[in-house]
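Please read the structure below before turning to the comments.
Please treat every number below as a calculation from the coordinates, not as lab data. Quick caveat, the model's predicted, so the values are computed rather than measured. Positions of Cβ are generated from backbone atoms using ideal geometry, with glycine treated the same way; all protein chains shown enter the neighbour counts.
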Amino acid sequence: MALDRRTKELAPAGVEIISFAMGDPRERTPDFIRSIARESIPEISSYPTVSGLPELRAACAGWVQRRFGVSLDPATQILPCNGTKEAVAHLAFAAIRPGERDTVVIPSPAYPVYEGAARMAGAQVHVTPLHAEDHWRFRPERVPEKVWERTAVLWLNDPHNPTGSLLDSGARGAIAAHARPHGYWIAADEAYADLWFDRVAGSMLEHGLENVIAFHTLSKRSAMTGYRSGFMAGDPRMIEALRQQRPTLGVATPEFVQRAAIAAWSDDAHAEAMRQVYAAKRDLMLAAFARQGWRVEASEATFFLWMAAPARDDRGFVDELLRRGVTAMPGSLLGPGGEGYVRWALVPTLEQCRAGLERLESMR
C-alpha cells in the first residue's frame with residue numbers, strides 16, 4: 001500500500017508502469033491446466049471437503065516423492081489448502097500455547113504474513129535479522145537460548161523471499177536437529193522450491209517429519225496465483241490439528257480447482273519450462289545490473305533478485321525508478337535487515353523486462 005501511494009505520486013502520467021515489485025507472475029497458466037479447470041466446473045455446486053480430494057492428496061504425495069525422494073501418507077501427512085497464504089496465517093493459531101510456547105521466530109527480511117498472523121494469534125514475535133556475511137541464510141545460534149525456550153514456531157523460508165538465498169542440506173539438517181530437543185515447530189515455507197537455477201532446492205521434509213510442517217503451492221511453479229491452491233505436509237500431529245481447525249475457518253478449495261491442481265502436481269514438464277523462462281529473465285537482468293554497476297547478493301533461487309541499493313538508500317532508489325515508469329520493492333518495507341536493498345521480482349514478461357531496462361539506461 002505504501003508503494004502504491006508512492007507510485008501515484010511519482011510515476012509519469014500516461015506511462016504504463018512496469019512492475020517488478022509484487023511476486024505475481026504474468027506468465028500464462030499452462031493450457032492443459034486451464035482446460036481441466038473448465039471441464040471440471042460442475043452443473044450442481046456442492047461444498048468441498050476440508051481434507052481435499054483423495055486424488056489431490058495422492059498427487060501431492062507423488063510430487064513430493066519425485067521431487068525430494070520423501071514418502072508421505074496422503075491420508076495423514078498431507079492437507080490441501082486455499083493457497084499457502086491462508087495456511088501460513090492459520091498455523092500460529094494451532095501451534096501457540098499461551099503462557100508456555102508463545103513465541104514465533106522470524107528471520108528477517110521476510111514475507112509479512114508470518115508476523116501479522118503471529119500477532120493475530122496472540123504470539124510474541126522475535127525478529128532475527130539475516131546478514132550479508134551469512135549469505136542471507138538463517139543461523140539458529142543468532143537467536144538467544146531464552147527465546148528458544150518459549151518458541152512455538154520458527155519460520156524457515158527456503159528458497160528465501162526476498163533475498164533468493166538457498167540453504168544446503170547440512171544447514172537444513174542442523175536446524176532440524178536443533179528444533180526437536182528444543183520442542184518448537186519448523187514451519188518450512190517452500191513456495192519457491194521449483195524455482196532454482198544452478199543448485200537444486202531441497203526440502204526440510206528430507207530431514208524427517210517430526211516437528212516439521214512444509215508449505216507448497218502452485219502459485220509460482222505453475223503460474224496459478226489466482227487459483228489459490230497449495231498443500232501442507234509433514235508431522236501427522238500438526239496435520240491433524242490443522243484438519244480439526246479448518247471446518248470452523250471454512251477454508252476449502254473448490255473441487256474444479258482441485259482437479260486442475262491434480263493435473264499440475266502430476267506434471268513436471270511445465271514446471272521445468274517455467275524455470276527456463278525465469279532463467280532467461282534472470283540472465284537478462286543480471287547482465288544489465290552488472291553494466292549499471294549494481295551489486296546483486298544471494299539470488300540463487302526464487303524469481304527474486306536482491307540488489308544492494310546505491311548509497312544504501314533503497315527508498316530513494318525506488319523513487320528514481322518510479323520517475324522512469326519502473327517499480328521494485330524497497331527492502332526496508334520487508335522488515336529489519338532489508339534496509340539498503342531492493343527486491344526485484346522477475347514477473348513481467350521477457351519483453352517487458354527488456355522495456356523496463358531500456359527505461360533505466362539513463363540512470364548510469
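Mind checking whether some residue in segment 111-121 is in contact with a Leu (Cβ under 7 Å, 6 or more places away or on another chain), touching a residue at least 60 places away in the same chain (Cβ under 8 Å) and either within 19 Å of Met204 (Cβ to Cβ) or part of a strand (DSSP E or B) (or both)? No, that holds for no residue.
Looking at Trp306, Trp265, which is the one that is buried (at least 17 other Cβ atoms within 10 Å of the Cβ) and not in a helix (DSSP H, G or I)?
Working: Trp265 fails: not in a helix (DSSP H, G or I).
Among Trp306, Trp265, only Trp306 is buried (at least 17 other Cβ atoms within 10 Å of the Cβ) and not in a helix (DSSP H, G or I).
Scanning segment 196-208 for residues that are crowded, with 23+ Cβ neighbours inside 10 Å and farther than 15 Å from Trp155 by Cα returns a single hit, Gly202. Total residues in segment 14-49 satisfying the condition of being within 14 Å of Leu321 (Cα to Cα) and hydrophobic (A, V, I, L, M, F, W, C): the figure is 5. Under the condition of being touching a residue at least 60 places away in the same chain (Cβ under 8 Å), out of contact with any Pro (no Cβ under 8 Å at 6 or more places or on another chain) and not acidic (Asp, Glu), the residues counted in segment 309-323 number 1. Contact map, segment 1-15: first residue closer than 16 Å to Leu333 by Cβ and in contact (Cβ under 8 Å) with a residue 12 or more places away in the chain, second residue among the basic types (Lys, Arg) and outside any loop (DSSP other than H, G, I, E, B), Cβ cut-off under 6 Å, separation 6 or more or different chains; pairs are Leu10/Arg323. Looking only at segment 78-113, filter to residues that are under 28 Å from His135 (Cα atoms) and among the β-branched types (Val, Ile, Thr); which one of those is farthest from the chain's Cα centre (by Cα)? Filtering first and then ranking leaves Thr103.
Among the residues of segment 349-364, the ones that are in contact with a strand residue (DSSP E or B) (Cβ under 7 Å, 6 or more places away or on another chain) and either assigned to a helix (DSSP H, G or I) or of a type outside the set (A, V, I, L, M, F, W, C) (or both) come to 4 in all. Against the test of being within 26 Å of Asp134 (Cα to Cα), surrounded by fewer than 24 Cβ atoms within 10 Å (Cβ to Cβ) and either touching a residue at least 24 places away in the same chain (Cβ under 8 Å) or in contact with a Lys or Arg (Cβ under 6 Å, 6 or more places away or on another chain) (or both), the options Gly331, Gly338 yield a single qualifying residue, Gly338. None of Asp194, Asp189 is more than 20 Å from Val125 (Cβ to Cβ) and of a type in the set (Asp, Glu) except Asp194.
Any residue that is in contact with a Lys or Arg (Cβ under 9 Å, 6 or more places away or on another chain), within 18 Å of Ala271 (Cα to Cα) and surrounded by 12 or more Cβ atoms within 10 Å (Cβ to Cβ) - is there at least one of those in segment 4-15? No; the residues of segment 4-15 include none that is in contact with a Lys or Arg (Cβ under 9 Å, 6 or more places away or on another chain), within 18 Å of Ala271 (Cα to Cα) and surrounded by 12 or more Cβ atoms within 10 Å (Cβ to Cβ).
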